[in-house]
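A.B. asks: I have a structure I would like to understand better, so I am pasting it below and will then ask my questions one at a time.
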Amino acid sequence: MAPRRILPTDLPPGSPLARRLAALGSSGRVTVEHDGSPVAAVEGEPLAVSLLAAGQLTLARSVKYHRPRGAMCLRGDCDGCLVRVDGVPNVMSCQTPARAGMVAQSQNAFPTAGIDVLRVTDWFFPRHLDHHHLLVQFGGALNRTMQVFARRMAGLGTLPDAIASFPRSESLDVDALVVGAGSSGVACANALARGGARVLLVDEREGPGGMRRDDPMDDRAYPGCDPAVTVRYGAGAVATYDDETLVIHEGRGVTVRARARVFATGARESVGVFSQSDVPGVFTARAFALALCHGVLAGERVALVGDGLFARSIAATLGDRVTHSPGAAVVEALGGRAVKGAKLREGGREWTVKCDALVVDGELGAAYELAGQAGASVLWSDGRQCFVPESDAEGATSREGVYVAGSLRWGRIDHDARARDGAAVGARALRDLRGEGR
Amino acid sequence: MTAKAMLCRCEDVTLDEVMEALEAGHRDIESVKRYTGFGTGWCQGKQCVVACARILAKATGRAPELPITPRPPLHPVALGVLASLGDAEEG
Ligand code: FES
């Protein structure tokens with residue numbers, strides 16, 4: 001049994017996902033290549049999803065122990081989906097839209113990610129190989145040997161086939177930059193634009209909606225952007241300093257100078273830390289849900305753990321095709337090259353389930369990094385058990401001109417609440433731009 | 001494959017290693033990072049910084065107040081893109 005594509009007719013009629021898949025239609029079928037084999041893909045879907053649909057769970061090997069690696073988060077938060085694409089190493093395939101004729105190769109493995117002889121490293125060091133510690137503690141010959149060993153065994157990918165030429169960068173000047181086109185980001189950008197500010201809204205995804213794009217139970221239209229907002233999709237903000245933010249838009253660098261910067265970057269899903277949590281076939285609930293929204297069932301026998309929004313949506317969509325244990329915790333994932341089962345625990349009881357996809361809706365962590373780079377103070381929150389940028393009632397942070405909105409500052413609140421928050425933060429930023437008091 | 005609980009997938013740092021760092025007396029997240037190398041890989045700690053903070057909170061009864069400094073870039077960027085920033089087209 002393996003992952004496969006599903007059709008709207010595989011789902012109960014009237015289910016929101018069936019409607020979404022029917023709207024996608026069957027257009028845009030293309031072929032990509034993975035390690036020499038043709039793979040059927042849908043143009044524009046994340047390449048990692050195409051590879052998943054073809055049953056390619058193992059895409060690479062980890063740097064130190066050469067453990068199998070596969071897509072886990074499908075949203076740019078892990079190391080699982082790195083492949084060589086068209087001769088360029090270390091491409092995050094979950095952030096790369098599939099295009100006809102793309103050539104993907106597994107990397108960091110000899111000879112392939114499926115059978116990698118360097119995996120013996122994992123068996124030689126059954127507990128762990130602490131290279132940092134070793135290199136510091138031992139001098140001389142051992143240190144040199146370890147350096148050679150580390151260099152041979154570690155590392156990500158090999159150099160590109162050719163020297164690429166990069167397009168000229170672009171620089172933009174706006175009043176406000178909003179990062180993240182989910183419910184709060186769009187509402188915030190609209191509020192700013194309607195107040196007359198020149199607004200740029202960027203999002204690394206291919207369209208608006210944020211987490212709603214990945215919810216198979218959500219088939220309502222996303223609120224539109226005001227025509228006065230300049231929108232760039234496929235545009236990820238990667239760094240921010242002083243009043244400048246570097247955005248990578250379709251492979252091109254864009255420096256954005258903005259007097260107000262609003263971060264609506266949301267929260268990151270996790271599977272948590274348990275034994276063998278890195279085995280391919282272990283997914284965050286959001287990743288599994290995201291694949292579903294592209295019509296890809298990432299496993300035939302699905303063990304679903306947790307009670308978050310995405311776990312509930314998956315359970316509601318797939319019904320008894322999944323074994324859902326909302327209150328359980330994962331003790332251990334079973335299987336070597338791919339997940340074969342899981343040991344679960346709840347209230348003193350421990351049991352084992354068989355599965356080919358282990359889907360975990362674990363704790364959330366605020367995506368605070370960019371706000372932190374911008375100078376906002378970021379502190380631990382006991383309530384949310386993660387680091388969160390400090391903000392006042394209207395989203396202003398400790399750094400002038402830097403704001404946070406939506407799930408980033410509140411955790412998982414519903415769509416309407418996120419939109420209201422975004423609008424309020426936008427109104428505040430607007431007042432500050434005009435130099436009005438509070 | 002030997003059973004390992006990966007705290008940091010990118011750098012293959014196990015939960016065991018973090019516990020050893022704690023036993024060796026490293027109590028703050030910054031020195032645990034230096035001792036084990038967690039959070040220094042491809043993803044720059046998007047998953048493991050908060051996971052490590054939760055472990056520290058449980059083990060020591062006190063969560064770290066601050067995360068390790070989130071440094072740019074958020075995602076890896078090709079050097080060619082950075083090199084091209086000098087000659088921008090004004091928009
Ligand atoms: S980064 Fe692509 S699957 Fe996690």
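A.B. asks: Kindly check whether there is at least one residue in the range A:60-68 that is away from the ligand (no atom under 16 Å from the Cβ) and under 20 Å from residue A:206 (Cβ atoms).
C.D. replies: no
A.B. asks: Could you tell me whether residue A:353 is part of a strand (DSSP E or B), within 11 Å of chain B (Cβ to nearest Cβ) and open to solvent by less than 50 Å² (accessible area, probe 1.4 Å)?
C.D. replies: no
A.B. asks: Name the single residue, out of those in the range A:92-105 being of a type outside the set (S, T, N, Q) and either farther than 21 Å from residue A:72 by Cα or within 10 Å of the ligand (Cβ to nearest atom) (or both), that is most open to solvent (accessible area, probe 1.4 Å).
C.D. replies: A:99
A.B. asks: Out of (1) open to solvent by less than 10 Å² (accessible area, probe 1.4 Å); (2) hydrophobic (A, V, I, L, M, F, W, C); (3) within 22 Å of residue A:284 (Cβ to Cβ), what's the single condition that is false for residue A:374?
C.D. replies: Of the numbered conditions (1) open to solvent by less than 10 Å² (accessible area, probe 1.4 Å); (2) hydrophobic (A, V, I, L, M, F, W, C); (3) within 22 Å of residue A:284 (Cβ to Cβ), the odd one out for residue A:374 is (3).
A.B. asks: So which residues in the range A:1-39 are touching a Ser or Thr at 6+ places or on another chain (Cβ under 7 Å) and under 24 Å from residue A:204 (Cα atoms)?
C.D. replies: Passing the criteria: A:17, A:32.
A.B. asks: Does residue A:125 meet the test of being exposed (fewer than 15 other Cβ atoms within 10 Å of the Cβ) and modelled with pLDDT under 60?
C.D. replies: No, not satisfied.
A.B. asks: Counting just the residues of the range A:265-309 that are basic (Lys, Arg) and within 11 Å of the ligand (Cβ to nearest atom), which one comes out nearest to residue A:421 (Cα to Cα)?
C.D. replies: Among residues in the range A:265-309 that are basic (Lys, Arg) and within 11 Å of the ligand (Cβ to nearest atom), the one nearest to residue A:421 (Cα to Cα) is A:268.
A.B. asks: Okay, moving on. For the range A:156-257, which fully contained strands (runs of 3 or more DSSP E) count at least 2 residues that are at the interface with chain B (Cβ under 10 Å from one of its Cβ atoms)?
C.D. replies: A:170-179, A:235-241, A:244-249
A.B. asks: Quick check on the range A:65-81: of everything there that is farther than 14 Å from residue A:270 by Cβ and among the basic types (Lys, Arg), which residue is farthest from the chain's Cα centre (by Cα)?
C.D. replies: In this case the residue turns out to be A:67.
Residues are listed down the side, and each one gets a yes or a no for (1) open to solvent by less than 50 Å² (accessible area, probe 1.4 Å); (2) within 25 Å of residue A:52 (Cβ to Cβ); (3) at pLDDT below 95; (4) outside the structural domain of residue A:212 (by TED's automatic domain parsing):
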{"site": "A:300", "(1), (2), (3), (4)": "no, yes, yes, yes"}
{"site": "A:326", "(1), (2), (3), (4)": "no, yes, no, yes"}
{"site": "A:329", "(1), (2), (3), (4)": "no, no, no, yes"}
{"site": "A:344", "(1), (2), (3), (4)": "yes, yes, no, yes"}
{"site": "A:349", "(1), (2), (3), (4)": "no, no, no, yes"}
{"site": "A:378", "(1), (2), (3), (4)": "yes, no, no, no"}
{"site": "A:381", "(1), (2), (3), (4)": "yes, no, no, no"}
{"site": "A:386", "(1), (2), (3), (4)": "yes, no, no, no"}
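A.B. asks: Another question about this same structure. Which count do you get for residues in the range A:22-80 that are in contact with a Gly (Cβ under 6 Å, 6 or more places away or on another chain) and open to solvent by 20 Å² or more (accessible area, probe 1.4 Å)?
C.D. replies: 4
A.B. asks: Read through the list (1) on the phi > 0 side of the Ramachandran plot; (2) open to solvent by less than 40 Å² (accessible area, probe 1.4 Å), then give the number of the only condition that residue A:430 fails.
C.D. replies: The failed condition is (1).
The values are calculated or read from the model by the stated rules, or taken from the named source; none is laboratory data. Here the structure is a predicted model, which is why all the values come from computation and not from measurement. We place every Cβ from the backbone using ideal geometry, glycine too, and count neighbours over all the protein chains shown. The area values use the complete protein model at the heavy-atom level, side chains included, leaving out ligands, DNA and RNA. Shrake-Rupley method; radii C 1.70, N 1.55, O 1.52, S 1.80 Å.
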